[in-house]
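Here is the structure we will look at.
Coordinate-derived values only; no laboratory data. Because the structure is predicted, anything quoted here is derived from the model rather than measured. Here the Cβ positions follow ideal geometry from the backbone for every residue, glycine too, while neighbour counts run over all protein chains shown.
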């Protein structure tokens with residue numbers, strides 16, 4: 001690898017090969033051999049493809065907190081791995097672009113501080129904007145338009161709403177038999193009919209996540225419905241009042257058939273799948289298992305759920321089917337030239353049939369160390385693939 005230096009006092013870049021001219025960044029900024037004192041500089045070990053050095057890997061987040069928001073611990077993990085494997089990791093925000101320069105940040109592990117840099121355009125951008133609301137503002141939209149015009153590789157495209165997910169999965173001939181039935185509730189009569197048919201339903205607000213905005217409706221008897229949320233708050237209402245409750249929700253929602261994905265003791269469980277693009281395919285990076293508390297409607301650990309190993313499940317998993325579900329999901333997500341190259345899936349099992357509950361285009365970091373490490377390995381490899389610095 002070659003050493004590249006960023007000079008903090010002059011905001012300039014150089015390298016350590018005395019006879020060569022190299023470029024860095026998507027805009028191919030020419031940098032010359034270092035003639036300066038390197039005391040006040042940051043050193044990066046980078047890869048070389050021809051006369052191009054890098055890659056510069058941009059992690060996109062928001063700036064509602066100074067200097068930026070998001071999962072700082074995850075950003076540091078990515079920075080450390082990129083620095084180890086070769087590259088320049090930077091954190092940038094939607095307002096960071098100025099011509100062919102980017103005001104950004106990198107973490108110095110020696111001083112344990114975030115340092116401000118002025119970088120050429122990144123070779124690839126990894127979207128970790130932390131909420132749907134931020135992706136809806138003008139700063140983000142303008143940034144995304146510029147990146148598209150500059151033809152800089154960019155992923156993951158955006159958050160996926162529940163209706164987007166249902167539409168994408170149901171349009172795939174293979175996947176449509178692996179999703180719970182979604183229905184349009186247009187009347188109190190519809191509500192009663194499907195509760196009688198399936199015994200319980202899930203109501204999910206379009207932009208719900210981590211269990212927020214999810215309700216389980218269970219038929220108690222012919223006249224009453226139990227409404228339960230992720231915080232174990234339970235209401236008993238008449239069919240008519242339940243319908244009024246649904247009509248009062250402040251956000252559009254989808255209604256799905258209830259699936260009994262349960263352990264023998266009655267606790268809800270699901271599989272958590274982490275997946276990444278790998279050249280022209282999509283691969284399994286890891287499988288976790290989450291178990292809810294008794295009577296819980298979600299398995300999320302912050303909502304009281306717990307983690308068990310695959311070996312603790314009372315069933316044998318169909319790994320070939322899980323890989324095919326990942327492959328087909330990755331293909332379906334990217335049918336219209338989208339850029340969903342990292343995603344997670346929540347999958348339940350009822351009567352040995354697999355059901356995809358959720359697709360998350362901005363997956364949380366897994367708690368399991370092996371999955372966390374393999375996921376990071378596959379993510380870094382994807383950075384190199386998209387920036388044409390293959391390992």
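Quote the Stokes-Einstein diffusion coefficient, in whole µm² s⁻¹, for region 128-191, based on the Kirkwood radius over alpha carbon pairs, a temperature of 4 °C and a viscosity of 1.567 mPa s. Answer from the Stokes-Einstein relation: 87 µm²/s. Summarising the label geometry, the points placed 7 Å from Cα in the beta-carbon direction at residue 116 and residue 226 lie 5.7 nm from one another.
Between 345, 364, 335, the residue with the greatest mean-square fluctuation in the GNM of the chain (Cα pairs under 10 Å linked by springs) is 335. As an equivalent ellipsoid, region 2-155 spans semi-axes of 26, 17, 13 angstrom, where each value is the square root of five times an eigenvalue of the C-alpha gyration tensor, largest first.
Please rank 225, 233, 132, fewest neighbouring Cβ atoms within 10 Å first, as an exposure proxy. Before the final figure, lay out the partial values.
Working: 225 24, 233 9, 132 15.
So the ranking, lowest neighbour count to highest, is 233, 132, 225.
Cα centroids of region 256-277 and region 170-242: 17 Å apart.
Quick one, can you get me the convex hull of the C-alpha atoms of region 309-378 expressed as volume per residue in Å³?
Values: hull volume 7.5 nm³, N = 70.
Looking at region 309-378, the number lands at 107 Å³ per residue.
The modelled label-to-label distance between residue 28 and residue 109, using points 7 Å beyond Cα along the C-beta direction, is 3.3 nm. For residue 317 and residue 137, the FRET efficiency from 1/(1 + (r/R0)^6), where r spans their Cβ atoms and R0 equals 51 Å, is about 0.80. Scaled against 2.2 N^0.38 Å for its residue count N, the alpha carbon radius of gyration of region 154-302 is 1.13. Connecting C-alpha atoms closer than 10 Å in a GNM of the chain, tell me which of 369, 239, 57 has the biggest fluctuation. Residue with maximal mean-square fluctuation among 369, 239, 57: 369.
Summarising the strand pairing of the chain, around 85 percent of its internal DSSP beta bridges are antiparallel. Taking Cα atoms only, the orientation of helix 72-85 departs from the longest principal axis of the chain by about 50 degrees.
How far is the Cα center of region 97-128 from the Cα center of region 1-61, in Å? The two parts, judged by their Cα centres, are 13 Å apart.
Spin-label model, residue 199 to residue 51: label points 7 Å out along the Cα-to-beta-carbon direction sit 7.1 nm apart.
Against the chain, whose longest principal axis comes from its Cα atoms, helix 369-386 is set at around 60 degrees.
Of the residues 120, 89, 130, the one that moves most in a GNM of the chain with alpha-carbon contacts below 10 Å is 130. Dimensions of region 182-257 along the principal axes, based on C-alpha atoms and rounded to the nearest Å, stand at 31, 25, 21, largest first.
Compared with the dominant principal axis of the Cα atoms in the chain, helix 188-198 is inclined by about 90°. Taking other Cβ atoms within 10 Å as a rough exposure proxy, 123, 336 sort from fewest to most as 336, 123. For the chain, the calculated P(r) over all alpha carbon pairs, in 20 Å bins from 0 to the bin holding the longest distance, is 26, 49, 21, 4, 0 percent.
Label region 46-131 by shape, choosing from rounded, prolate and oblate, from the square roots a ≥ b ≥ c of the eigenvalues of the Cα gyration tensor; if a/c is under 1.5 it is rounded, and otherwise prolate applies when a/b is larger than b/c, oblate when it is not. All intermediate terms of the calculation are to be shown ahead of the outcome.
On the way: a/c = 1.73, a/b = 1.25, b/c = 1.38.
In terms of gyration-tensor shape, oblate.
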